[in-house]
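The values are calculated or read from the model by the stated rules, or taken from the named source; none is laboratory data. No experiment lies behind these values; they were computed from the predicted model shown. When we count neighbours, we look across all protein chains shown, and the Cβ atoms used for this are built from the backbone with ideal geometry, even at glycine. Quick note on the areas: whole protein, heavy atoms, side chains included, nothing else; ligands and nucleic acids left out. Shrake-Rupley method; radii C 1.70, N 1.55, O 1.52, S 1.80 Å.
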Amino acid sequence: MFQERREKLFESLPEYSISILMAGKASYNIGDETHPFDVNRSFYYLTGLDNENLVLMLVKMGKVNQTILFIEPFDPVMAKWVGGKIMAKEASEISGIKDVRYVEQLKSTIAMYLNNYGKIHQFTLCGELSKQEFDQPWPLADLFNEVRKQYPDVLVKNIFENTARLRMVKEEYEIENMCKAISVTDAGIKAMMTAARDYIWENELEAYFDFVLKSEQCEHAFHTICASGKNATVLHYGKNNQQTKPGDLVLVDLGASHKYYNADISRTFPVNGKFSDRQREIYETVLRANKYVMEIAKPGMTTRELNNKVIEFYQEELPKLGLLKDGKTVRDYYWHGVSHHLGLETHDVSLPDEPLQPGNVITDEPGLYLEEEGIGVRIEDDIMITENGCICLSKDVMKEVADIENFMASR
Ligand code: GLY
Ligand code: MN
Ligand code: MN
């Protein structure tokens with residue numbers, strides 16, 4: 001699988017090129033602590049390896065492709081403190097890469113290609129840089145600067161588009177893992193709805209989700225949002241440290257991650273199990289927007305177009321809820337986008353103006369946020385684009401008012 005992905009990437013790379021992808025390094029936190037290590041997802045996608053400080057090199061010499069993996073040497077002292085590093089044999093078995101060397105050889109390997117062939121062929125040095133990384137210190141930058149000083153003719157190319165294009169179309173294996181993540185997320189939400197009661201603290205509710213996740217050997221896809229009452233009107237509220245009030249709606253936006261494949265689901269339910277009339281009419285409007293997106297999502301559309309359709313839908317619907325008065329616009333009650341790609345990253349790599357195509361997995365997440373009334377509703381499903389439309393991967397996560405009320409009444 002990883003080899004096939006690398007071959008596909010090779011096809012899109014410049015003819016004489018050296019592409020370098022790094023697994024990354026845990027960033028410093030505080031004292032003698034680092035943040036937990038989180039592997040660069042394109043590196044993982046192409047190798048299946050999730051260890052720190054590994055480097056993948058793809059060398060394209062005309063029609064000949066060469067793949068090299070660089071690993072760290074075994075360190076007996078570190079092995080006693082934090083465990084051993086991955087050894088060549090295991091790295092090779094997982095990734096299917098036969099040529100495994102040590103990171104100390106990275107620069108000399110680049111130099112070997114440029115010294116021997118750089119005078120005959122124009123080489124391109126390729127690395128991946130996402131939009132978010134542009135203003136961050138780029139780990140590859142120092143290496144690239146050093147190489148360019150020695151070899152001023154070498155070109156440099158960002159291959160973000162190349163890797164994104166591959167990662168945007170999900171394989172069956174990837175869909176299976178996302179479905180597993182979704183079903184664990186579903187179980188976690190049910191555990192929260194089962195435990196919900198007046199005056200429960202948001203973080204206690206969150207803990208029911210966490211228990212299910214860990215019990216299923218999953219990780220968090222992202223920091224859980226568990227927001228009651230007015231807190232739900234703050235889009236990325238993540239403190240989850242307030243006590244619920246009787247009659248509050250609780251908005252949860254959360255996801256399990258299974259083998260690095262993420263779910264991203266939002267549900268909104270009454271803490272006491274029963275929607276008020278006002279909560280219900282707002283909820284039903286968001287639910288209709290959520291279903292409308294699934295009706296129209298199909299190949300050829302862009303996520304931007306989907307969002308514009310939702311805004312048009314709300315333009316018609318919000319006056320019926322007594323909203324859009326005194327110069328207020330839809331964007332006062334709904335200010336985010338309705339969709340993003342989902343996969344190895346929660347906000348997965350994408351090319352924003354690229355039309356959707358079969359195999360894309362995106363979210364469908366309309367919301368309405370009424371700060372004055374202390375009501376925030378978001379309903380988020382994960383959908384896969386097919387030849388003719390889309391299918392909802394999270395269709396089993398309950399969202400009908402009657403289903404939620406019946407479930408909570410029968411606890
Ligand atoms: N959980 C973040 C989002 O829904 O996009
Ligand atoms: Mn979400
Ligand atoms: Mn989302």
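Treating only the Cβ of Lys, Arg, Asp and Glu as charged (+1, +1, -1, -1), what charge dipole size does the chain show about its Cα centre? Round to the nearest 20 debye.
700
Distances longer than 21 Å among the Cα atoms of the range 256-411: what percent of all pairs is that?
Here the tail beyond 21 Å accounts for 47 percent of pairs.
Rg/Rh for the chain to two decimals, with Rh computed the Kirkwood way over all alpha-carbon pairs.
Value, to two decimals: 1.03.
Mind ranking Ile391, Ile120, Ile68 by accessible surface for me, highest first, 1.4 Å probe?
Ile120, Ile391, Ile68
Quick check for me: using +1 on Lys/Arg Cβ and -1 on Asp/Glu Cβ, what's the dipole size of the range 144-279 about its Cα centre, in debye to the nearest 20?
About 280 debye.
What is the chain's relative contact order, in percent, from Cα pairs under 8 angstrom and six or more apart in sequence?
RCO, the chain: 13 percent.
Taking all protein chains in place and a 1.4 Å probe, what share, in percent, of the accessible surface of the chain do carbon and sulfur account for?
Result for the chain: 51 percent of the exposed heavy-atom area is carbon or sulfur.
Specify, per residue and in Å³, the volume enclosed by the convex hull of the alpha carbon atoms belonging to the range 6-127.
Measuring per residue, one finds 116 Å³ for the Cα hull of the range 6-127.
Springs between alpha-carbon pairs under 10 angstrom, Gaussian network model over the chain: which of Leu21, Leu114, Leu56 fluctuates most?
Fluctuation is largest for Leu114.
DSSP beta bridges in the range 112-253, what fraction antiparallel, as a percent rounded to 5?
In the range 112-253, DSSP labels about 55 percent of beta bridges as antiparallel.
Counting other Cβ atoms within 10 Å, keep those with at most 15, restrict to DSSP loop, and tell me which chymotrypsin sites (Phe, Trp or Tyr not before Pro) in the range 52-138 are left.
Within the range 52-138, the qualifying chymotrypsin sites (Phe, Trp or Tyr not before Pro) (loop, at most 15 other Cβ atoms within 10 Å) are Phe74, Phe134.
Could you give me the percent of Cα pairs per 10 Å distance bin for the range 59-159, shortest bin first, beginning at zero and ending with the bin that holds the maximum distance?
Spelled out per bin, shortest first, that is 12, 35, 35, 16, 2.
How far apart, in nm, are two points set 7 Å out from the Cα along the Cα-to-Cβ line at Asp353 and at Ser410?
Result: 5.1 nm between the two label points.
Find the all-direction average of the projected area of the Cα convex hull for the range 103-164, expressing the result in square nanometres with one decimal place.
Spelled out: convex hull of the Cα atoms, projected over all directions, averaged, 4.8 nm².
Once you charge only the Cβ atoms, +1 for Lys and Arg and -1 for Asp and Glu, what is the size of the charge dipole of the range 36-110 about its Cα centre, to the nearest 20 debye?
320
Using a Gaussian network model on the chain with a 10 Å cutoff between Cα atoms, which of Val271, Val82, Val397 fluctuates the most?
Val82
Counting each DSSP H run of 4 or more residues in the chain as -39500 (n - 2.57), what helix-only mean residue ellipticity at 222 nm follows after dividing by all residues, to the nearest 500 deg cm²/dmol?
-11000 deg cm²/dmol
With every protein chain kept in the model, how would you rank Cys226, Cys392 by accessible area, 1.4 Å probe, largest at the top?
Cys392, Cys226
So between Asn158 and Lys80, what do we pick up on full extension, going 0.36 nm a residue minus the alpha carbon distance?
Net length gain for the segment: 24.2 nm.
Please tell me the relative contact order of the range 77-217 in percent, rounded to the nearest whole number, where contacts are Cα pairs under 8 Å and at least six residues apart.
That works out to 16 percent.
Would you mind getting me the FRET efficiency between Leu129 and Glu373? Use the beta-carbon distance for r and R0 = 35 Å, nearest 0.05.
With R0 = 35 Å, the Cβ-Cβ based efficiency is 0.20.
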